[in-house]
Amino acid sequence: MTISRSPVTFRLLTEHDLPLLHDWLNRPHIAEWWGGERPTLAEVRAHYHPQAMAAERVTPYIAMQGDVPIGYAQSYVAMGSGDGWWEDVTDPGVRGIDQSLADAALLGQGLGTQMVRALVERLFRDPAVTSIQTDPAPHNLRAIRCYQKAGFRAVRRIVTPDGPALYMLQDRPA
């Protein structure tokens, strides 16, 4: 697969996308960084169903390039996430993001950076969003470089319920 020059856009994930997401989450280059486990289709349906995500204040997206689905992304309200996540966040305008490209052959070509920039731009269209955070594993150098190229700055190393992470932040442009 080659990278298209068309922009990355996002559409909301639907129930019909769950088998596709199941396939993606079981690909080695995603499973390595997305919890390390390979979920069953039933687990994906339970966890990623749009209604289940909405209950957790998570917005799931399918990243698109033209008519081609190229990845998964999600944004969430950081404050009040629960389960030990972001307990020190007191600003209701902070959003967190996670994403992955579906095709390992597209890694390292700038598409991830393009995807992150497009997601950040989409989120900052909402005037209530004050900043956007992300938390790659400290040894996931590809993701860290991608976020830096997309305008994030490393703030500090932290420990999350998923383990060590590099807390990265991007503030709303002035």
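The values are calculated or read from the model by the stated rules, or taken from the named source; none is laboratory data. In this text the structure is predicted, and so the values were computed from the model without any measurement. In this analysis, Cβ positions are derived from the backbone assuming ideal geometry, glycine residues included, and neighbour counts consider all displayed protein chains.
Structure above, values below:
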{"read-out": "Residue ID - farthest from residue 8 (Cα to Cα), chosen from residues in segment 66-82 that are outside any loop (DSSP other than H, G, I, E, B) and out of contact with any strand residue (DSSP E or B) (no Cβ under 7 Å at 6 or more places or on another chain)", "value": "82"}
{"read-out": "Residue within segment 91-108 that is exposed (fewer than 14 other Cβ atoms within 10 Å of the Cβ) and over 21 Å from residue 27 (Cβ atoms) present", "value": "yes"}
{"read-out": "Positions within segment 30-61 being at pLDDT below 90, crowded, with 17+ Cβ neighbours inside 10 Å and not hydrophobic (A, V, I, L, M, F, W, C), in sequence order", "value": "39"}
{"read-out": "One residue from 168, 115 being in contact (Cβ under 8 Å) with a residue 24 or more places away in the chain and either assigned to a helix (DSSP H, G or I) or of a type in the set (Asp, Glu) (or both)", "value": "115"}
{"read-out": "Any hit, segment 109-128, residues being surrounded by fewer than 15 Cβ atoms within 10 Å (Cβ to Cβ), closer than 27 Å to residue 37 by Cα and out of contact with any Cys (no Cβ under 8 Å at 6 or more places or on another chain)", "value": "yes"}
{"read-out": "Scope segment 148-166; condition under 20 Å from residue 88 (Cβ atoms) and either in contact with a Cys (Cβ under 7 Å, 6 or more places away or on another chain) or surrounded by 17 or more Cβ atoms within 10 Å (Cβ to Cβ) (or both); matching residues", "value": "152, 165, 166"}
{"read-out": "Selected residue (criterion: nearest to residue 116 (Cα to Cα)) from residues of segment 83-106 that are of a type in the set (D, E, K, R) and part of a strand (DSSP E or B)", "value": "98"}
{"read-out": "Residue 173 being within 21 Å of residue 10 (Cβ to Cβ), exposed (fewer than 13 other Cβ atoms within 10 Å of the Cβ) and modelled with pLDDT under 90", "value": "yes"}
{"read-out": "Residues located in segment 3-29, provided they are surrounded by 14 or more Cβ atoms within 10 Å (Cβ to Cβ), in contact with a strand residue (DSSP E or B) (Cβ under 6 Å, 6 or more places away or on another chain) and assigned to a loop (DSSP other than H, G, I, E, B)", "value": "13"}
